[in-house]
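Participant: Before I ask anything, let me first share the structure, which is written out below as structure tokens.
Throughout, read-outs are computed from the coordinates displayed, never taken from laboratory work. As the structure is a prediction and not an experimental result, all values here were calculated from the model. Here the Cβ positions follow ideal geometry from the backbone for every residue, glycine too, while neighbour counts run over all protein chains shown.
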Ligand code: ATP
């Protein structure tokens, strides 16, 4: 891939909403969250390694990862979190890059929630677009969507890069602090830019 966009943003910033709009314009979106999910679904290619590393009790009856149990473990055990990530991250990356190579949209967007935190992803993409909104807005959206308390959402946010770090890493910023309708013109403008750059880098 000569040219690939990395799309990121904090939890609940609007990455999926934005990704859907780029896809509707003809971009190929590769969603690393979806890939992570499928790797740990029944028959997922990460499951043998997870069972070998953590034990059969971390798979449920259907053969998917027991998410609740794993969440509980890695929440209190940084070493276990690192071991899980060592299994998942390279597999997510390989599957995402393969999907990107196979894609036939006008250009490829990798949606990566923790892109700014990942040196490998930052190296792999040509350009970073950050979906931005004020932290209070982010908090309110995630509390409403996931039925979480303020403290729970703040704990997740504390484990991610800050709003400032994501803005500093960005080549392009999409402001999603307002209404969803405010996204379309911003995305249309960036789509034209990405089309132009991808044509240039193909020659
Ligand atoms: P996550 O990191 O949790 O996967 P995300 O960054 O992909 O989240 P979305 O799922 O797109 O974010 O949006 C989070 C929630 O906020 C969703 O319920 C979505 O419908 C809502 N939302 C997104 N943008 C707006 C907006 N501009 N105004 C109001 N609600 C919005």
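Participant: Working from Cα positions, state the angle (0 to 90°, nearest 10) between the long axis of helix 67-76 and the longest principal axis of the chain.
Facilitator: 90 degrees
Participant: Sticking with this structure for a sec: Counting only C-alpha contacts under 8 Å and six or more residues apart, can you give the relative contact order of the range 31-104 as a whole percent? Working shown, then result.
Facilitator: On the way: 60 pairs, mean separation 24.2, N = 74.
Reported as a whole number, the value is 33 percent.
Participant: What is the packing order of peptides 14-20, 151-157, taking the mean over residues of other C-beta atoms within 10 Å and listing the highest first? Provide the component values of the computation, followed by the final result.
Facilitator: Numbers: 14-20: 19.7, 151-157: 14.3.
Per-residue Cβ counts within 10 Å, averaged per peptide and sorted highest first, yield 14-20, 151-157.
Participant: Points 7 angstrom from Cα along the Cβ direction at residue 135 and residue 120: gap in nanometres?
Facilitator: Going from the residue 135 label point to the residue 120 one covers 2.9 nm.
Participant: Given labels modelled 7 Å from the Cα in the Cβ direction, how far is it in nm from residue 67 to residue 159?
Facilitator: Distance between label points: 1.4 nm.
Participant: If you average the C-alpha positions of the range 1-28 and of the range 134-203 separately, how far apart do those two centres end up, in angstrom?
Facilitator: Taking the Cα centre of each part, the range 1-28 and the range 134-203 sit 9 Å apart.
Participant: Between residue 150 and residue 52, what FRET efficiency follows from the Cβ-Cβ distance if R0 is 41 Å, with the result rounded to 0.05?
Facilitator: It comes to 0.60.
Participant: With the cut-off at 18 Å, report for the range 44-88 the share of all Cα pairs above it, as a whole percent.
Facilitator: 16 percent
Participant: Looking only at the chain, where both bridge partners belong to it, what percent of the DSSP beta bridges are antiparallel (to the nearest 5)? Display every interim value, and only then the final one.
Facilitator: Details: 1 of 18 bridges.
So the antiparallel bridges in the chain amount to around 5 percent.
Participant: With all distinct Cα pairs included, what does the Kirkwood hydrodynamic radius of the range 103-203 come out to in Å, to one decimal, could you say?
Facilitator: 15.4 Å
Participant: Another question about this same structure. Can you tell me the 0 to 90 degree angle between the C-alpha axis of helix 15-25 and the longest principal axis of the chain, rounded to 10?
Facilitator: Helix 15-25 and the main axis of the chain meet at about 50 degrees.
Participant: Kirkwood hydrodynamic radius, computed over distinct alpha-carbon pairs, for the chain: how many Å, to one decimal?
Facilitator: 18.1 Å
Participant: How much length is gained if the chain between residue 196 and residue 181 is pulled fully straight, taking 0.36 nm per residue apart and subtracting their Cα-Cα distance, in nm to one decimal? Don't jump to the answer; show the numbers that get you there.
Facilitator: On the way: separation 15, 0.36 × 15 = 5.40 nm, distance 2.45 nm.
Value of the extension gain: 3.0 nm.
Participant: Say we join alpha carbon atoms closer than 10 Å with springs in a Gaussian network model of the chain; which of 59, 181, 99 then has the biggest fluctuation?
Facilitator: Per the Cα network of the chain with a 10 Å cutoff, 181 tops the list.
Participant: Which angle between 0 and 90 degrees, to the nearest 10, do you get for helix 135-146 versus the longest principal axis of the chain when only C-alpha atoms count?
Facilitator: Orientation of helix 135-146: about 50 degrees from the principal axis.
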